[in-house]
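The structure appears right after this line, and notes come after that.
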Amino acid sequence: MANSVEEQKFSLKEVLDTFSLCLSENKEVYIEHYVEGWRGLVRFMNSLGSVFSFISKDAVNKIEILAKFFNGENGTHYSTIQSMVKYELDNGLVDLAKRDKYPESGCRTLLRLHRALRWLELFLERLRTSSEDCKTSVMCSEAYNESLAQHHAWIIRKAAGMAFCVLPGRPTFFEVMNVGTSEQVVSMLGDALPLISEVYDITEKLYAQHELLQLP
Ligand SMILES: CCCCCCCCCCCCC/C=C/[C@@H](O)[C@H](COP(=O)(O)O)NC(=O)CCCCCCCCCCCCCCC
């Protein structure tokens with residue numbers, strides 16, 4: 001089946017490269033590139049089939065909330081995750097105990113993507129070190145159980161588990177990434193993972209410092 005020109009150009013390497021743009025010189029995390037990275041990941045997930053659309057809908061919703069802040073009148077405060085946290089906390093714009101006046105603050109919205117980034121990190125690390133006969137569905141659900149699942153209700157965990165079952169096998173998965181041979185995929189993941197981990201760790205530390213890791 002012939003791909004459109006745009007699909008032909010799509011490579012997961014470009015998406016993961018976006019995360020390398022996330023870090024400023026003094027290790028702040030640029031929201032613009034963070035959101036762009038997520039957009040690319042969602043695009044990749046959509047190319048795997050419509051069973052994932054309930055996941056991508058939620059991700060897109062969160063991406064759009066952040067993009068709106070970033071492009072809005074207070075956009076300068078949403079340049080980095082650090083400036084967003086400071087701005088929203090200083091101005092009482094975050095529901096800290098229960099969802100109330102600010103159910104869609106930047107801080108709580110980004111926290112959901114941040115938790116998903118941990119899933120990505122764990123999943124990609126499994127993919128990187130997997131052998132040819134490893135199942136992507138198993139790698140994906142192990143990564144999920146160690147991360148996001150702990151924050152999801154039973155019904156979401158059930159639906160996610162069902163979606164994982166229809167993930168393509170490792171060879172097709174690698175092919176869809178459009179990065180080249182398996183060796184090239186493994187090497188690309190080896191380059192990308194430390195950057196993703198660094199973005200994750202910096203955000204985690206910041207949220208921990210401000211006691212934001214359990215935002216409702
Ligand atoms: C490629 C396989 C894709 C597997 C994706 C694994 C993640 C499974 C997440 C299931 C989320 C189900 C949707 C609902 C979520 C919300 O309940 C929940 C809580 O939100 P709330 O507090 O506003 O209510 N939302 C979230 O936790 C945010 C989830 C965001 C998920 C983004 C997943 C993007 C995955 C991108 C895949 C890229 C794969 C690249 C690998 C080579």
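The values are calculated or read from the model by the stated rules, or taken from the named source; none is laboratory data. Remember, it's a predicted structure, so these values are computed and weren't measured experimentally. Counting neighbours? That spans all protein chains shown, and the Cβs are built from the backbone with ideal geometry, glycine included. In case anyone asks, the SASA skips ligands and DNA or RNA and just uses the protein heavy atoms, side chains included. Shrake-Rupley method; radii C 1.70, N 1.55, O 1.52, S 1.80 Å.
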Q. Longest segment of the chain with no GluC sites (Glu not before Pro) in a DSSP loop having at most 12 other Cβ atoms within 10 Å?
A. 133-210
Q.
Longer than 23 Å from Cα to Cα, which of Lys68/Lys101; Lys101/Lys205; Lys27/Lys57; Lys68/Lys158; Lys13/Lys86 are they? Say none if no pair is.
A. Lys101/Lys205; Lys27/Lys57; Lys68/Lys158; Lys13/Lys86
Q: Mind listing the long-range amide H neighbours of Thr80? Cut-off is under 5 Å, sequence gap 5 or more, other chains count too, H placed in the peptide plane at 1.01 Å from N.
A: Ile31
Q) How would Ile156, Ile65, Ile196, Ile55 rank on accessible area, largest to smallest, probe 1.4 Å? A) Ile156, Ile55, Ile65, Ile196
**Q.** the chain - percent of accessible surface contributed by carbon and sulfur, probe 1.4 Å
**A.** 52
Q: May I ask you to give the solvent-accessible area per residue for the chain, in square angstrom, as obtained with a 1.4 angstrom probe?
A: 54
Q. Across the stretch 35-45, in residue order, what do the Karplus-derived ³J(HN,Hα) couplings come to in whole Hz, using 6.51 cos²θ - 1.76 cosθ + 1.60 with θ = phi - 60° and x for Gly and Pro?
A. 5, 4, x, 5, 4, x, 5, 5, 4, 5, 4
Q) Each residue of the stretch 107-116 in order: what ³J(HN,Hα) in whole Hz does its phi give by Karplus 6.51 cos²θ - 1.76 cosθ + 1.60, θ = phi - 60°, with x for Gly and Pro? A) 4, 6, 5, 5, 4, 5, 6, 4, 5, 5
(Q) For a test of the definition: using alpha carbon positions, the gyration tensor, and the 1.5 limit on a/c, classify the stretch 122-216 as rounded, prolate or oblate. (A) oblate
Q: Per DSSP H run of at least 4 residues, take -39500 (n - 2.57); add these up for the chain, divide by its residues and hand me the 222 nm value, nearest 500 deg cm²/dmol.
A: -21500 deg cm²/dmol
Q. Quick one: how many Å² of Thr129 are accessible to a 1.4 Å probe, rounded to 10?
A. 90
